[in-house]
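Since the structure comes first, as C-alpha cells, the remarks are kept for the end.
The values are calculated or read from the model by the stated rules, or taken from the named source; none is laboratory data. The structure presented is a predicted model; accordingly, all values stated were derived computationally and were not measured. Cβ: placed from backbone, ideal geometry, glycine included. Neighbour counts: every protein chain shown. These accessible areas exclude ligands, DNA and RNA; they are computed on the full protein's heavy atoms, side chains included. Shrake-Rupley method; radii C 1.70, N 1.55, O 1.52, S 1.80 Å.
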Amino acid sequence: MRVVGGEWGSRRLQAPAGRNLRPTSDRLRETLFDVLGPAVAGAAFVDGFAGTGAVGIEAFSRGARPVIWIEGAAAAARLLRSNLGALGAAADPAAVVLERRLPAAVAALARLPALLEAGGAQFVFLDPPYADTRVAEQTLLGLQQYPEVLAPGGRVVWETAARTRLPEIPGRWRVQRRHRQGDSQLVFFEMAY
C-alpha cells in the first residue's frame with residue numbers, strides 16, 4: 001500500500017495484518033482523487049472509518065488542510081498514527097485523529113475547532129464495513145443533523161461494494177454520481193437545499 005500522489009507520492013504505508021481492515025486500494029484512491037481534482041488542496045477533509053488512514057493521508061499529501069481521521073478501533077487508530085508518524089505529520093496541528101466511532105463522532109466533529117475554523121468539511125469520505133449499510137446511512141443522517149460539519153456545497157463520498165443496493169437515504173441527500181471499479185464503488189452525495 002502506498003500514497004498515490006502529492007507531496008508523499010510513492011511513499012509506503014503500513015498495511016494491517018489479518019483481515020479486520022480492508023484498506024481502500026491504491027487504484028480506487030487514485031480514482032477518487034482524480035474525480036475530486038484540484039479542489040482538495042486547501043479543503044477540509046474528513047476520513048471516516050479511517051482504518052490505516054490511507055485516504056486521509058492521500059488528501060493531506062495533496063494539500064488538504066485540516067484533515068480529520070475518525071477511527072473507533074484502537075488497533076487501527078494506532079496503525080493510523082504510526083503511518084502519520086512515519087510521514088512526519090503526527091505533530092502537525094492540521095492532522096487530527098479522533099479515536100471515536102461513527103456515527104456518534106459526528107457530534108464531536110461539530111465542536112472540533114480545526115473544522116469550525118475551516119467553515120466545515122468540503123469532503124467527507126466514509127468507508128464503513130461493506131456489509132453494514134446502516135452505519136453509513138446513520139452517519140449521513142448525523143451530518144444532516146449537524147450541518148456545520150459540512151461546508152456549503154460539501155460532498156460526502158461513500159465507498160461500498162459494487163453489488164450494494166443503496167438504501168433510501170431520508171432527508172435532503174441525493175446521489176450526485178457513482179464510480180464502479182472492480183468489486184467496489186464510490187457514491188458521491190450532495191445535500192439538496
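Between the range 127-168 and the range 88-122, the alpha-carbon centres lie 17 Å apart.
Give the calculated FRET efficiency between residue 82 and residue 183 to the nearest 0.05, with a Förster radius of 22 Å applied to their Cβ-Cβ distance. Given R0 = 22 Å and the Cβ-Cβ separation, E is 0.20. Rounded to the nearest 20 debye, the dipole size of the chain about its Cα centre is 360 debye, using +1 on the Cβ of Lys and Arg and -1 on the Cβ of Asp and Glu.
Taking the charge dipole of the range 13-55 about its Cα centre, with +1 at Lys and Arg Cβ atoms and -1 at Asp and Glu Cβ atoms, the residue from 17, 39, 54 reaching farthest to the positive side is 17.
Note down the magnitude of the dipole of the range 1-101 about its Cα centre, charges +1 on Lys and Arg C-beta and -1 on Asp and Glu C-beta and zero elsewhere, to the nearest 20 debye. All intermediate terms of the calculation are to be shown ahead of the outcome.
Details: 13 positive and 9 negative charges, 62 e Å.
Magnitude of the dipole: close to 300 debye.
Please work out whether the range 81-193 counts as rounded, prolate or oblate from its C-alpha gyration tensor, where a ≥ b ≥ c are the square roots of the eigenvalues and a/c under 1.5 means rounded, while otherwise a/b larger than b/c means prolate and anything else oblate? Oblate is the answer for the range 81-193, as a/c is 1.5 or above yet b/c matches or exceeds a/b. The share of accessible area on the range 59-135 that comes from carbon and sulfur is 55 percent, using a 1.4 angstrom probe. Taking a ≥ b ≥ c as the square roots of the Cα gyration tensor eigenvalues, with a/c under 1.5 meaning rounded and otherwise prolate when a/b beats b/c, else oblate, which class fits the range 130-185? It is prolate, given that a/c is not under 1.5 and a/b is the larger ratio. Subtracting the Cα-Cα distance of residue 165 and residue 100 from their residue separation scaled by 0.36 nm leaves 20.7 nm.
The dipole here belongs to the range 118-193: it is taken about the Cα centre, uses +1 on the Cβ of Lys and Arg and -1 on the Cβ of Asp and Glu, and is about 300 debye. In loop segments of the range 40-138 as defined by DSSP, the trypsin sites (Lys or Arg not before Pro) with at most 11 further C-beta atoms inside 10 Å of their C-beta are 111. Summarised as an ellipsoid, the range 54-104 has semi-axes of 17, 13, 9 Å, derived from the eigenvalues of the Cα gyration tensor scaled by 5 and square-rooted, with the largest first. Using the average count of surrounding beta-carbon atoms within 10 Å as a protection proxy, the listed peptides 1-8, 172-179, 120-127, 36-43 rank, highest first, as 120-127, 1-8, 36-43, 172-179.
Using the Cα gyration tensor of the chain, with a ≥ b ≥ c the square roots of its eigenvalues, what is the shape: rounded (a/c below 1.5), prolate (a/b larger than b/c) or oblate (neither)? Rounded, because the longest to shortest axis ratio a/c is under 1.5. The simple spin-label model puts a point 7 Å past each Cα toward its Cβ; for residue 117 and residue 74 those points are separated by 3.1 nm.
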